[in-house]
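Participant: Sending over a structure as structure tokens; questions will come in a sec.
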Amino acid sequence: NHRCASVLGAAARIQGMASQSGHGGTPAADAAVVGLGLIQSPVGESRKRSAEESGMGGGGPIARARCDGQASDVALSIDSAAVQRLTTSQQAIIRHFISMLNTNRDSVVITNPLAPESPIVHVTQAWQDMCGYTSQEAVGRNPRLTQGENSDTNTIRQMKHAVCARRACKVRIINYRGHSREPFWNCLTMHPIFSGSKLVLFAARLQDYSYRLNSLMSLTPTQFCKVHEQLQCSIRLSRVQRASNLSSALRIDSDLGPHDEAEQVGESIGTPKSGTELLPTIPTQHVKRLTLVRLNHEPEYLSDRLRDECEKLQLSCQAAEMVSGGTELMRLEVHQASQIEGGEGVLALLHVMPEDMEGGHCISFTRLSGDTFQFHALFRSIKKRLSDLVQDSPPPS
């Protein structure tokens, strides 16, 4: 439709997010809110909603995989030259991924960086549904087959840099579905996988955010690739038990057993050695703070959504990102004019922060100054506008 076309066309030109706040003293307030010393930096309806934000999954040319939540025997097939070139360690790692993924729900692609052009060696059924290619069409080809005219060139260049540097990254980009070339918003995390400190595979988890990003009214979503040094955390492969464990961009170190001597492709510079873990720090939340919890959405989208709602409410809003301990925190400073003549209004600090290691986030509200009753009314107003996010989130376990 007209709106989708206009949004996608404009999004190819990356726009920075709102600048940092000019109010003094708020970085200290940030640290008090999340309990961390923070490094601050500025932030720069094509498919049905039910098909959006699928996680990761298993079911491609390589295996009989987990389906409908039940694990089954995993057997590698050799019907593709790209699959035949896999080493013993690569096969073992792929088997682990397949055994813990739901092929119909989890959208995942695995590539082989040891082969020329880093070909795809496994895709889940969910990836095939999202990207519009069958496993037979995808295996052996480079993942750039989903790129198109409005895929941002700077984002693509940064993704290539991350792959060459063997680093994890987080990406939002416009991709295109198969032969129909229908554009969609792809939010993904890319994970280098190491065996004995040697890079052996890349895995990416994809989520379709087209419905949500195209529904934003007051801003144009940006495309980006994040490869911050502070985000370079790692996890052991044996701890990756479900798709949601890949919500953050992480280096994955295989601990499944002996490594192939043939996998000598160089050390990863500036990242932890195999066998060690450096997990993202989950901020401590203040029990008395007004908070929206268990929001199972990407933090960048939550920040965009807050800015969009503030614009609709005609609230002054300035946004920034903060990074510390491998964790991203989205920060918004919101000012609402006084509802009483001569009043000072209310100044509030909103943080989008992770709740767990599986993609759950919360939005914390802190009053910096102004009337307490007006602050609580502001919280209730924003909470009501975000009710769909709460309804979409899973119940507490």
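Participant: At what distance in nm do the modelled label points of Arg385 and Ser338 sit from each other, each positioned 7 Å from its Cα along Cα→Cβ?
Facilitator: Between Arg385 and Ser338, the simple spin-label model gives 2.3 nm.
Participant: Calculate the FRET efficiency for His161 and Glu358 from the Cβ-Cβ distance with a Förster distance of 25 Å, rounded to the nearest 0.05. Each step should come with its number before you reach the end.
Facilitator: Numbers: r = 28 Å, r/R0 = 1.12.
The computed FRET efficiency comes out at 0.35.
Participant: For region 124-144 and region 169-212, compute the distance between their C-alpha centroids and round to whole Å.
Facilitator: About 12 Å separates the Cα centre of region 124-144 from the one of region 169-212.
Participant: Tabulate in residue order the Karplus-calculated ³J(HN,Hα) for region 203-209, using 6.51 cos²θ - 1.76 cosθ + 1.60 with θ = phi - 60°, rounded to whole Hz; enter x for Gly and Pro.
Facilitator: Per residue, the Karplus-derived 3J(HN,Hα) values read 10, 10, 9, 10, 9, 8, 10 Hz.
Participant: What is the extension gain from Glu182 to Arg289, computed as 0.36 nm multiplied by their sequence separation minus the C-alpha to C-alpha distance, in nm to one decimal? Display every interim value, and only then the final one.
Facilitator: Working: separation 107, 0.36 × 107 = 38.52 nm, distance 4.29 nm.
Extending this stretch completely gives an extra 34.2 nm.
Participant: Once amide H atoms are placed 1.01 Å from N in the peptide plane, what residues at a sequence separation of 5 or more from Leu101, or on another chain, have their amide H within under 5 Å of its amide H?
Facilitator: The list, which skips near neighbours in sequence, is Arg66.
Participant: Can you put Val83, Val163 in order, fewest other beta carbons within 10 Å first?
Facilitator: Values: Val83 23, Val163 18.
The order, fewest Cβ neighbours first, is Val163, Val83.
Participant: Give me the one-decimal nm value for the distance between modelled label points at Ala377 and Glu149, 7 Å along each residue's Cα-to-Cβ direction.
Facilitator: Inter-label distance under the simple model: 5.0 nm.
Participant: Residues with amide H under 5 Å of Leu201's amide H, sequence separation 5 or more or different chain, H placed in the peptide plane at 1.01 Å from N; which?
Facilitator: Ile193
Participant: Sticking with this structure for a sec: Grab the beta carbon distance between Leu219 and Ala115, set R0 = 41 Å, and tell me the FRET efficiency rounded to 0.05.
Facilitator: Values: r = 41 Å, r/R0 = 0.99.
Computed FRET efficiency for Leu219 and Ala115 comes out at 0.50.
Participant: Still on this model: Multiplying the sequence separation of Glu311 and Arg85 by 0.36 nm and subtracting their Cα-Cα distance, what value in nm do you get?
Facilitator: Values: separation 226, 0.36 × 226 = 81.36 nm, distance 5.32 nm.
Stretched fully, the Glu311-Arg85 segment lengthens by 76.0 nm.
Only the coordinates and a few stated rules stand behind these numbers; no lab work does. Everything numeric in this text was worked out from a predicted model, so none of it was measured. So basically every Cβ, Gly included, is an ideal-geometry build from the backbone, and we count neighbours across all protein chains shown.
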